[in-house]
Amino acid sequence: MKRVIMATLLFLFFSSASQAVELSSSVGSTSQGGLTGRAGLSVNWGSSWLQSRIGKLTGYWDFGYTFWEAGRKAGARHSLSFAPVFVYEFGTSHIKPFIELGVGLAVFSGGNAGDRAMGSAFNFEDRLGAGLKIGETQKVGVRAIHYSNAGIKEPNDGIESFSLFYSRAF
């Protein structure tokens, strides 16, 4: 099963590889006060839908590495994640507000993170973000990402990261 998931992810990534690539970084905090740092690599889908004077719907594949500060239940943790993310950009000017929404998968370096008992190293990632797209190459914004195993294994405390991010397309 792991091989099928990995082959699917690699196929999706390389089938989109001709599109713009973005590098991102963020710094944030968990809901318990622990620090997080994240580095990401995104590949735009290269398509848009629902285009109008109001805006357009786009998206990207996001691959991320997150560092989680140690807490009461765990030492410092690391996680790798993958998520398809939908983005709605408002307007057509040089600076465009946007919102984003995504659901993906994450693997942590242990079953606990910060002050939370995650139940397993495998988790789901739910994200909601908002920001400004500056030109066609830069984004700044805020993001809330929730990780939990969706009740597959107990305990399932879950953990959130609230962060400021910056990304640049190349």
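Read-outs: derived from the displayed coordinates by stated rules, not from any lab. In this text the structure is predicted, and so the values were computed from the model without any measurement. For neighbour counting, all protein chains shown are included, and Cβ atoms are generated from backbone atoms with ideal geometry for every residue, glycine included.
Net charge in the neighbourhood of residue 36 (other residues with Cβ under 15 Å of its Cβ; Lys, Arg +1, Asp, Glu -1) is +1. What the Cα convex hull of the stretch 20-169 gives, in volume per residue, is 88 Å³.
Taking R0 as 30 Å, what's the FRET efficiency between residue 39 and residue 95 from their Cβ-Cβ distance, rounded to 0.05? Step by step, r from the Cβ atoms, then E = 0.75. Annotation: peptides 77-83, 30-36, ranked by per-residue average of other Cβ atoms within 10 Å with the highest first, follow the order 77-83, 30-36.
Pairs of lysine residues in the stretch 20-169 that meet both criteria, 8 or more places apart or on different chains and Cα atoms under 17 Å apart, total 5.
Amide H contacts for residue 133 (H built 1.01 Å from N in the peptide plane; partners 5 or more residues away or on another chain; cut-off under 5 Å): 96, 98. Close amide H pairs (under 5 Å, H built 1.01 Å from N) link residue 117 with 157, residues at least 5 positions away or on another chain. Summing charges over neighbours of residue 144, with a neighbour being any other residue whose Cβ is under 14 Å away from its Cβ, gives -1 when K and R count +1 and D and E count -1.
Across the stretch 86-94, coupling constants 3J(HN,Hα) worked out from phi with the 6.51/-1.76/1.60 Karplus curve, θ = phi - 60°, read 8, 10, 10, 9, 9, x, 10, 7, 5 Hz, and Gly and Pro carry x.
Phi angles across the stretch 119-129 convert, under the Karplus curve 6.51 cos²θ - 1.76 cosθ + 1.60 with θ = phi - 60°, into 3J(HN,Hα) values of x, 7, 7, 8, 9, 9, 10, 10, 10, 9, x Hz, Gly and Pro given as x.
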